[in-house]
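All remarks here apply to the structure that follows.
The values are calculated or read from the model by the stated rules, or taken from the named source; none is laboratory data. Computed from a predicted structure; not experimentally measured. Here the Cβ positions follow ideal geometry from the backbone for every residue, glycine too, while neighbour counts run over all protein chains shown.
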Amino acid sequence: MSIFASILRSVYKLSGAKKAFALPEDALQKEIEKQNRHRGVFTPTDRKAYYETITVNGFPCLIVRERPKPSKRAILYFFGASADTISYARDYMYIILLGNVVTHMYLGLNALLRASGHPQKAMIATITTVIINTLLDPIFIYIFKWGIEGAAIATILAQIISLTWQFKTFTNKNELLHLRHGIYKLRGSIVKNTIAIGMSPFLMNLAACFIVIFINKGLKEYDGDLAIGAFGIVNRIVFLFVMIVMGLNQGMQPIAGYNFGARQYHRVNQVLKLTIYGATLVTTSGFLVGELMPELAVSAFTTHEGLIERSATGLRIVVMFFPIIGFQMVTSNFFQSIGMASKAIFLSLTRQLLFLLPCIIILPMFWGSKGIWMSMPISDLAASIVAAVMLYRQFQIFKSHAQKQVSN
């Protein structure tokens, strides 16, 4: 995912920050905004932060796109394409890049829907996009004979339909946040803080992409192409549970942000605990599936006996410490929600770069392909320990601040 989408996913948390990023016109207005924010009410400064999302979303329009030339296939090979799949990857990438702006706008406005009090509408937009895409895929691929390009067109067209509905919602003047003249001017302080907060998920996704490259290259070197296929299956199964945790995190973000800005710390604690409980329940379910019925899970993706065997073995190893992954993901997202961008960025990168990458390089020297599989649960455990320490220390700081306020 590009930096634009990551930044836009997190921009709505700005309204929950302790301080407004744009200064009010006078001291009276400043005090009014302070009191409104304490009560959890939108302030003019908050609205500016939301409106600027639309402007930032337009930046991808400035990127010049052209059909990928044969000389540019190297990047596709670098990310795992083979001689058999390169033509499909090239055609699909070309269509997706043409619709990249639509994707950014769709994701950004969906985040604004959640943040402005319409989580159900955001969910409807997401589900509608998936359903339309699913219906159009077989039509474009098999009936119109468009092949892989048809799949890409279906994806973009589904997003365009949902984006049109989102624009209709934001043109309603009765909405608290709606499109109007003069709202698109960028303010440096707001953009700077938006980028700082959005940098955490961006770096996490960027690191994850490069880690997958290292894993694929390692598996191919020590166990061949079949191991890469096994990792793809395991990754998809694990991601099914990770996506649910990501959804819980998205639900936690505006609640934690608003209440942290309003200094309702007991509500912040409550939503954090509930999210951790829910995330742990989800990842524990993934652990049970991976340990008790791995063959059944991977057989949904392939009938190749050798691939099933490798995938089942890999799944058992990968989910070894999976129950604590939910806690680690929630903790990283929590720091992002309350505006502590540096800590969120650090936690986002600890698993990928500080632990996983060295393990991928070192462990295969001793255990071959098994060392690559083992590097994943080891990094999960180490990253979760770091997250627990940081969260504990942060709540000790909150506790000391609360005691000082009471004494004063």
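Tabulated data
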quantity	calculated
Residue count, segment 240-268 (criterion: touching a residue at least 12 places away in the same chain (Cβ under 8 Å) and within 20 Å of residue 324 (Cβ to Cβ))	9
Test: residue in segment 366-377 that is more than 24 Å from residue 288 (Cβ to Cβ), out of contact with any Asp or Glu (no Cβ under 9 Å at 6 or more places or on another chain), in a helix (DSSP H, G or I) and aliphatic (A, V, I, L, M)	no
Check on residue 326, on the phi < 0 side of the Ramachandran plot, surrounded by 23 or more Cβ atoms within 10 Å (Cβ to Cβ) and either among the small types (Gly, Ala, Ser) or without any contact (Cβ under 8 Å) to a residue 24 or more places away in the chain (or both)	yes
Residues of segment 260-276 that turn out to be surrounded by fewer than 14 Cβ atoms within 10 Å (Cβ to Cβ) and either within 24 Å of residue 241 (Cα to Cα) or within 20 Å of the chain's Cα centre (by Cα) (or both), as a count	1
From the options 81, 74, residue that is modelled with pLDDT under 85, buried (at least 17 other Cβ atoms within 10 Å of the Cβ) and more than 23 Å from the chain's Cα centre (by Cα)	81
Selected residue [at pLDDT 80 or above and loosely packed, with under 13 Cβ neighbours inside 10 Å] from 173, 185	173
Filter result for residue 208 (free of Cβ contacts under 8 Å to residues at least 40 places away in the same chain and part of a helix (DSSP H, G or I))	no
Filter result for residue 126 (without any contact (Cβ under 8 Å) to a residue 60 or more places away in the chain, within 30 Å of residue 350 (Cβ to Cβ) and part of a helix (DSSP H, G or I))	yes
Test: residue in segment 98-106 that is surrounded by fewer than 19 Cβ atoms within 10 Å (Cβ to Cβ), within 27 Å of residue 202 (Cβ to Cβ) and in contact with a Pro (Cβ under 7 Å, 6 or more places away or on another chain)	yes
Selected residue [within 19 Å of residue 359 (Cα to Cα) and not aromatic (Phe, Trp, Tyr)] from 235, 259	235
Answer from 398, 355, 301, 335 - the residue that is surrounded by fewer than 19 Cβ atoms within 10 Å (Cβ to Cβ), touching a residue at least 12 places away in the same chain (Cβ under 8 Å) and part of a helix (DSSP H, G or I)	398
Criterion (under 27 Å from residue 381 (Cβ atoms), assigned to a helix (DSSP H, G or I) and out of contact with any helix residue (DSSP H, G or I) (no Cβ under 7 Å at 6 or more places or on another chain)) met by exactly one of 242, 282, 238	242
Residue that is farthest from residue 403 (Cα to Cα) [pool: residues in segment 232-268 that are in contact with a Phe, Trp or Tyr (Cβ under 8 Å, 6 or more places away or on another chain) and aromatic (Phe, Trp, Tyr)]	241
Residue within segment 279-286 that is surrounded by 19 or more Cβ atoms within 10 Å (Cβ to Cβ) and over 21 Å from the mean Cα position of the chain (by Cα) present	no
Filter pass, residue 315 being under 21 Å from residue 208 (Cβ atoms), under 23 Å from the mean Cα position of the chain (by Cα) and either part of a helix (DSSP H, G or I) or not acidic (Asp, Glu) (or both)	yes
Check on residue 308, free of Cβ contacts under 8 Å to residues at least 40 places away in the same chain, crowded, with 19+ Cβ neighbours inside 10 Å, closer than 24 Å to residue 217 by Cβ and not aromatic (Phe, Trp, Tyr)	yes
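Residues checked against (1) modelled with pLDDT of 90 or more; (2) within 30 Å of residue 116 (Cα to Cα):
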| position | (1), (2) |
| --- | --- |
| 251 | no, yes |
| 267 | no, yes |
| 277 | yes, yes |
| 315 | yes, no |
